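S.K.: Take this structure, written in structure tokens, and hold onto it; I'll ask about it next.
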Amino acid sequence: MRKALRWLLALTVLIGTLSTAGAATAAEPEATGTTDIKEQLLSIPGMSLIEEKPYTGYRFFVLNYTQPVDHRHPSKGTFQQRITVLHKDVSRPTVFYTGGYNVSTNPGRREPTQIVDGNQVSMEYRFFTPSRPDPADWTKLDIWQAASDQHRIFKALKKIYDRNWIATGGSKGGMTATYYERFYPKDMDGVVAYVAPNDVVNDEDSAYDRFFASVGTEECRDRLNAVQREALVRRGPLEKKYAEYAAAEGFTFTTVGSLDKAYEAVVLDYVWGFWQYNLLANCADDELIPPDAKTATDDQIWASIDTVSGFSFYTDQGLEPYTPYFYQAATQLGAPTIRFPHIEKKYIRYGYQPPRNFVPREIPTRFQPHAMRDVDTWVRTNARHMLYVYGQNDPWGSERFRVDKGAKDSYVLTAPGMNHGANVAGLVADQKAFATARILDWAGVPAAAVEQAKPLATFDARLDVRDVEREPALRP
């Protein structure tokens with residue numbers, strides 16, 4: 001997705017606050033006479049091993065699991081879905097993670113896994129390669145089918161990991177964890193959803209405009225707005241630079257339609273992309289954000305836009321890996337549209353383009369407005385053991401999930417000053433302790449650990465370093 005920002009290294013300081021955890025328990029050996037965990041996993045019908053990677057204290061497996069293309073009609077074809085298992089011990093709780101996109105094939109723990117010192121099962125979302133049916137019937141890519149993938153994996157693995165389970169994910173993964181809970185509410189013992197957007201009414205996006213009118217400081221907003229406007233004022237020379245860059249890299253623009261459309265899409269992503277992936281302090285970085293856009297050179301404007309938004313993204317080559325996301329946005333998830341009051345209309349030719357523009361023409365789409373309304377109503381009135389964590393300065397939190405009186409033991413918390421990387425560790429102290437205690441309780445750990453309200457596993461710099469959940473800016 002977006003080009004990694006070297007300025008985001010500051011976020012590791014926030015992630016590092018997890019180091020207040022107690023000592024981690026070592027991976028316990030299987031009881032004498034029991035079957036090795038690899039054999040147990042591979043004894044599941046439809047499960048096959050891709051590879052096992054060693055990591056101290058764990059066993060880590062990359063696996064394929066045979067899934068129906070259509071869970072309503074299982075006889076009509078199957079595909080191989082990639083999952084990973086970070087095995088601690090069958091006596092520990094299990095966290096079921098999905099980012100809503102591809103799955104990493106390297107071992108890593110999500111925050112709830114560290115908190116409960118448990119096992120972790122991670123699922124690649126259907127239709128993200130290589131977990132794509134062939135041929136691809138795109139009508140089988142919807143939130144119910146994906147939730148049914150998770151349900152079937154859970155049912156298969158619950159026979160091995162029979163302790164409590166918690167679902168988690170960030171951004172589209174947080175949405176995925178929510179949809180799973182909505183359709184299969186009896187599977188999980190708890191849900192921890194990070195920075196999960198909730199676009200209930202696709203055509204009503206005024207919450208985003210209010211966010212951008214007040215986020216951060218006026219000085220920072222003015223500075224970002226000026227660079228974004230200047231990039232459109234200088235469209236001619238910068239598009240020439242873009243054409244040279246595309247030619248050198250072999251980039252094409254068939255899906256979006258033209259280099260001009262791609263250029264404007266990248267530029268209009270700029271302010272959103274900054275707040276999604278940066279902290280307020282980054283606004284004072286003159287190398288990242290030119291302090292005076294009007295006197296900045298073309299190269300400075302280009303570098304700023306490219307670093308924050310990424311000029312490669314709206315090329316055919318940049319869009320292709322995210323076709324499943326844009327298809328879902330065009331059919332069920334919806335997508336935001338915002339206004340640009342700081343830019344004269346004469347400089348904006350297309351505005352925010354709908355997700356349909358980023359899906360190849362040969363794949364038909366039809367929007368289903370009832371899908372998100374159904375989920376939102378269910379969460380408000382039926383949520384049980386669900387925790388939502390948002391970042392104060394994350395644009396995606398403008399339209400968020402909420403819980404009403406019908407919900408039980410469910411909460412929505414906001415991490416001050418944080419962006420799309422908001423987590424429990426970034427909450428204020430009392431909320432951090434409260435959220436940690438609820439996660440531990442849902443995981444079924446002893447009461448003494450719940451009362452202590454601290455992660456059970458020690459922070460591991462390799463295992464726990466987590467990038468901000470990175471999706472296309474302006475598109476979750």
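The values are calculated or read from the model by the stated rules, or taken from the named source; none is laboratory data. Being a predicted model, the structure only gives us computed values, none of them experimental. So basically every Cβ, Gly included, is an ideal-geometry build from the backbone, and we count neighbours across all protein chains shown. For the accessible areas, the whole protein counts, side chains as well, though only heavy atoms, and no ligand, DNA or RNA atoms are used. Shrake-Rupley method; radii C 1.70, N 1.55, O 1.52, S 1.80 Å.
S.K.: Over 23 Å, how big is the tail of the calculated P(r) for the range 112-196, in percent of all Cα pairs?
M.R.: Of all Cα-Cα distances in the range 112-196, 22 percent exceed 23 Å.
S.K.: Right, another one. Let me have the relative contact order for the chain, percent, based on Cα pairs under 8 Å that are six or more residues apart.
M.R.: Relative contact order here is 21 percent.
S.K.: At a Förster radius of 56 Å, what calculated FRET efficiency corresponds to the Cβ-Cβ distance of Arg462 and Asp209, to the nearest 0.05?
M.R.: 0.85
S.K.: Here is a follow-up. Pairs Lys241/Lys345; Lys172/Lys294; Lys408/Lys454; Lys158/Lys408; Lys172/Lys408: which exceed 28 Å Cα-Cα?
M.R.: Exceeds cut-off: Lys172/Lys294.
S.K.: How large, in percent, is the carbon and sulfur part of the accessible surface of the chain at a probe radius of 1.4 Å?
M.R.: That fraction is 52 percent.
S.K.: Gain in length, Lys405 to Ala429, computed as 0.36 nm per residue apart minus the alpha-carbon separation, to one decimal in nm?
M.R.: Full extension from Lys405 to Ala429 adds 6.1 nm.
S.K.: To the nearest 0.05, how large is the calculated FRET efficiency for Tyr350 and Lys155 if R₀ is 45 Å and r is the Cβ-Cβ distance?
M.R.: 0.45
S.K.: Using Cα-Cα distances under 8 Å and only pairs 6 or more residues apart, what relative contact order does the range 286-429 have, in percent?
M.R.: In percent, rounded to a whole number, it is 16.
S.K.: Another question about this same structure. Rg/Rh for the range 211-269: what does it come to with C-alpha atoms and Rh from Kirkwood?
M.R.: 1.09
S.K.: Same structure again: When the distances between all Cα atoms of the range 248-328 are binned every 10 Å from zero, what whole-number percent does each bin get?
M.R.: 17, 44, 28, 10, 0
S.K.: Then there's this: Put +1 on the Cβ of every Lys and Arg and -1 on every Asp and Glu Cβ in the chain; which of Gln145, Tyr208, Phe253 then has its Cα farthest towards the positive end of the dipole?
M.R.: Result: Gln145, furthest along the dipole toward the positive end.
S.K.: Right, something else. Could you order the peptides 166-174, 384-392, 332-340 from most to least packed, using the average number of other C-beta atoms within 10 Å per residue?
M.R.: Ranked from most to least packed, the peptides come out as 166-174, 384-392, 332-340.
S.K.: Can you tell me which of 232-243, 186-197, 311-322 comes out highest on packing, and rank the rest after it, using the mean Cβ neighbours within 10 Å?
M.R.: Per-residue mean Cβ counts within 10 Å order the peptides as 186-197, 311-322, 232-243.
S.K.: Please work out the Cα convex hull volume for the range 161-291 and give it in Å³ per residue.
M.R.: In the range 161-291, the Cα convex hull volume per residue is 204 Å³.
S.K.: Report, to two decimal places, the Cα Rg of the chain normalised by 2.2 N^0.38 Å (N = number of residues).
M.R.: Cα Rg divided by the expected 2.2 N^0.38 Å: 0.98.
S.K.: Roughly how large, in nm² to one decimal, is the mean projection of the convex hull of the alpha-carbon atoms in the range 19-168?
M.R.: With the hull built on Cα positions only, its mean projection is 9.2 nm².
S.K.: If you average over every viewing direction, what projected area does the convex hull of the Cα atoms of the range 354-437 give, in nm²?
M.R.: 7.2
S.K.: Tell me, what is the per residue accessible area of the chain in Å², probe radius 1.4 Å?
M.R.: For the chain, the solvent-accessible area averages 40 Å² per residue.
S.K.: Assuming 0.36 nm per residue, please report the length gained on full extension of the stretch Thr56 to Arg361 beyond their Cα-Cα distance.
M.R.: 105.0 nm
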